[in-house]
Amino acid sequence: MKTSKIVMPKRPFFQIDAFSQQVFGGNPAGVCLLENWPETGLLQRIAAENNLPETAFLVPKSEDRYELRWFTPTMEIDLCGHATLASAFVIFSYLNRGLQAVEFETHSGVLKVSREGELLSMNFPGRKPEKTDAPDLLAAALGAAPLEVWKSRDLLAVFDDEAQLSALQPDMTLLTQLPGVFAVIVTAPGKECDFVSRFFAPGAGIPEDPVTGSSHCTLIPYWSERLGKRKLHARQLSARGGELFCEDLGERVKIAGNATLYLKGEIEF
C-alpha cells in the first residue's frame, strides 16, 4: 500500500541581532515571514517558543510595504524598535536588495525604515514625557532613588551618572507592582556619548531588554531638550550592549543602528 507524503507548510524565519555590528551583541529579534495572518494565539505561541525579547511577524502588502506585529514571549505590544530594525534588515538583505526604504503598517501607525549608508534609520512617533511624582515603590524597586521621574507610556527615571546606572540591580517583583506602568526606563548622562539608558519590563516578560528602540521615543525628546541639541548618540548599558544614533524631529524621532544575521531557517506549523 502506497502512502502519500504529508507536506507541512513552512515559514521563513530569521534571528537578527539589532543595534549591533556583530553577533552576540545588541538585541536579538525573531522575524517570521507570513503570506497572511493566522489566529493571534498561534503567533503568541510561536513568540513564546522562540523565547526572544520580541518576535516580529510580517505580511506583505507590496514590495515596499508590509503589515507588522510584535510579540514578547507573553504578549503582543504596540511598538518595538529593535524588531522593526531587524525586519527591515531582512527585507533589504534577503527579499529586495535594491530597495532603499520600506514602510510598515503597525498598531502605532505607519513606520518607515530607510538605508542611510551602513545604518538603517527608523522614523518613529515621539513620546515626549511629562514630569511626575515618583511612585512609592520606585526607589525600592530600582535599589536607588532617581533625581527626577517623567512619564510617557513608560516611566523614565533620571540618575546622576553612568556608573550609578550600571550599578542598579532592580527588584523585578517590585517593578511589576508599580501601578499603571508598562516599563521603567533609567537614564543618565554618558561618559563617551550623549546619554545612556537601561530598560526593564518584567510585566511584559522582559526583565531587562538588551537594546530598546521604543524607549528612545521617550529618551530622545527628553535629552534633546535637556542638552539643547537635535542629534544625539546613545548607548544602552545591558550585558549585550547597543549603540543608537538618534535625532529629534519634533513630533517624531529618528533612531538608527546596525543589524546582523545570527540564523535563518524555516518554522513548520
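Enumerate the pairs (first residue in the stretch 219-235 and without any contact (Cβ under 8 Å) to a residue 24 or more places away in the chain; second residue anywhere and part of a helix (DSSP H, G or I) and not hydrophobic (A, V, I, L, M, F, W, C)) with beta-carbon separation below 6 Å, excluding pairs fewer than 6 apart on the same chain, so at least 6 apart or on different chains.
Qualifying pairs under 6 Å: Arg230/Ser224.
Consider Leu33 carefully, then state whether it is surrounded by 21 or more Cβ atoms within 10 Å (Cβ to Cβ), more than 21 Å from Ala204 (Cα to Cα) and in contact with a Pro (Cβ under 9 Å, 6 or more places away or on another chain).
On the way: surrounded by 21 or more Cβ atoms within 10 Å (Cβ to Cβ): yes; more than 21 Å from Ala204 (Cα to Cα): yes; in contact with a Pro (Cβ under 9 Å, 6 or more places away or on another chain): yes.
So Leu33 fits the description; yes.
Name the one entry in Leu165, Leu175 that is more than 21 Å from Lys254 (Cα to Cα), of a type in the set (A, V, I, L, M, F, W, C), in contact (Cβ under 8 Å) with a residue 40 or more places away in the chain and outside the structural domain of Glu49 (by TED's automatic domain parsing).
Leu165
Being free of Cβ contacts under 8 Å to residues at least 60 places away in the same chain and in contact with a helix residue (DSSP H, G or I) (Cβ under 6 Å, 6 or more places away or on another chain) narrows it down to one residue among Val102, Val110; which is it?
Sole residue among the options that is free of Cβ contacts under 8 Å to residues at least 60 places away in the same chain and in contact with a helix residue (DSSP H, G or I) (Cβ under 6 Å, 6 or more places away or on another chain): Val102.
Does any residue of the stretch 222-236 turn out to be of a type in the set (D, E, K, R) and within 25 Å of Asn50 (Cβ to Cβ)?
no
Among the residues that make up the stretch 91-101, is at least one of them under 19 Å from His216 (Cβ atoms) and at pLDDT 95 or above?
No.
Residues being part of a strand (DSSP E or B) and within 18 Å of the chain's Cα centre (by Cα): count how many of those fall in the stretch 116-134.
Matching residues across the stretch 116-134 total 7.
Each row is one residue, and each column tells you yes or no for (1) polar (S, T, N, Q); (2) in the same structural domain as His216 (by TED's automatic domain parsing); (3) within 19 Å of Val196 (Cα to Cα); (4) not in a strand (DSSP E or B).
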{"position": "Phe89", "(1), (2), (3), (4)": "no, no, no, yes"}
{"position": "Phe92", "(1), (2), (3), (4)": "no, no, no, yes"}
{"position": "Leu99", "(1), (2), (3), (4)": "no, no, no, yes"}
{"position": "Asp136", "(1), (2), (3), (4)": "no, yes, no, yes"}
{"position": "Ala145", "(1), (2), (3), (4)": "no, yes, yes, yes"}
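Would you point out which residue out of Ala204, Ala188, Ala163, Ala167 is crowded, with 17+ Cβ neighbours inside 10 Å and modelled with pLDDT of 95 or more?
Details: Ala204 fails: modelled with pLDDT of 95 or more; Ala163 fails: crowded, with 17+ Cβ neighbours inside 10 Å; Ala167 fails: crowded, with 17+ Cβ neighbours inside 10 Å.
Within the list Ala204, Ala188, Ala163, Ala167, the selection yields Ala188.
The values are calculated or read from the model by the stated rules, or taken from the named source; none is laboratory data. Since this is a predicted model, take the numbers as computed values, not measurements. Positions of Cβ are backbone-derived with ideal geometry, glycine not excepted, and every protein chain shown enters the neighbour counts.
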